[in-house]
Amino acid sequence: MMYPNINPVLIQVGPFAVRWYGLMYVVGFLLGYFVLLKLSQREQYDLTKQEVGDLLYFCIAGLVVGARLGYCLIYNFSYYIHEPLKMFAVWEGGMSFHGGLAGAAVAGWIFARRRHKSLLMIADLGAVAAPLGLFFGRIGNFINGELYGRVTSMPWGMVFPGAGNLPRHPSQLYEAFFEGLVLFSILLWLSRKQRPPGFLMASFLTGYGVFRFFLEFFRDPDPQMRFVMGPFTMGQVLCSIMVAAGILLFWLCRRRG
């Protein structure tokens, strides 16, 4: 299949440019807000409309900071330790999902303490909304022609710019589908069931971890790191920790529920 070669810049007026990747984040955050608002009303959580907006603001700030720090410290530490000011050059790319998850978790904890809310309630709300952001983020990666897959002979393989002349798995689309749409559908379905607090977050951690671990076998590893434990990537190592955390949270939910 032909890679569509979409211009990453949607609109440019002089030095000002609107990029598809940034727009995908905005769309993901907006949809996340409406999901949070709908769930908070349906579940009769103790959150006002203003508090839902504040929660989203906290999580966006934590996600962006955590994602950037996670990438710099986990995936390219040897470079940024010598060029620390480059950590602020976010326009050059480099964001880590696992770092973003950690940052959002810290932000959610701060919000819960300041507003005297249940942390597990906040976690469950965020778990349902997160896959929508993941979906649009991966679509942004696809448009940018980054985070492409490994070389393949499958008929849907694509030749990505800057990745040689061999067709590769469009792994961004695999991730958008499974980590985004499928995981969101599962969590939305579970949100309609009777469940103990924390169950949705446990489902998110486990589901994302399993999907991402499997899909990493189709994704080309980061060039500066490649493999870290035999045939496994750093992403798979971190996803294994996520799955373990999800299983532990399931156990705690069962004890409490």
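The values are calculated or read from the model by the stated rules, or taken from the named source; none is laboratory data. Remember, predicted model here, so these are calculated numbers, not experimental data. When we count neighbours, we look across all protein chains shown, and the Cβ atoms used for this are built from the backbone with ideal geometry, even at glycine.
Per-structure values
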quantity: Region 183-197 residues that are more than 20 Å from R212 (Cβ to Cβ), paired with ones that are assigned to a loop (DSSP other than H, G, I, E, B) and modelled with pLDDT under 90 (beta carbon under 7 Å, 6 or more apart); calculated: P196/G257
quantity: Any hit, region 152-173, residues being within 14 Å of the chain's Cα centre (by Cα) and not in a helix (DSSP H, G or I); calculated: no
quantity: Selection from region 218-235 of residues that are out of contact with any Lys or Arg (no Cβ under 8 Å at 6 or more places or on another chain), in contact (Cβ under 8 Å) with a residue 24 or more places away in the chain and either surrounded by 13 or more Cβ atoms within 10 Å (Cβ to Cβ) or in a helix (DSSP H, G or I) (or both); calculated: D222, M225, M234
quantity: Residues being exposed (fewer than 12 other Cβ atoms within 10 Å of the Cβ) and of a type in the set (F, W, Y) - total across region 38-90; calculated: 1
quantity: In region 91-109, residue surrounded by the most Cβ atoms within 10 Å (Cβ to Cβ) [restricted to those that are more than 21 Å from G209 (Cβ to Cβ) and without any contact (Cβ under 8 Å) to a residue 40 or more places away in the chain]; calculated: G94
quantity: Helices (runs of 4 or more DSSP H) lying entirely in region 34-123 (those with 3 or more residues that are closer than 26 Å to I241 by Cβ, β-branched (V, I, T) and at pLDDT 90 or above); calculated: 49-70
quantity: Filtered residues of region 127-149 (kept if in a loop (DSSP other than H, G, I, E, B) and either in contact with a strand residue (DSSP E or B) (Cβ under 6 Å, 6 or more places away or on another chain) or at positive phi (or both)); calculated: G145, L147, Y148
quantity: Options V159, V151, V128, V182; residue that is under 23 Å from A244 (Cα atoms) and surrounded by fewer than 17 Cβ atoms within 10 Å (Cβ to Cβ); calculated: V182
quantity: Where L252 falls short, out of the listed (1) more than 17 Å from the chain's Cα centre (by Cα); (2) modelled with pLDDT under 95; (3) not in a helix (DSSP H, G or I); calculated: (3)
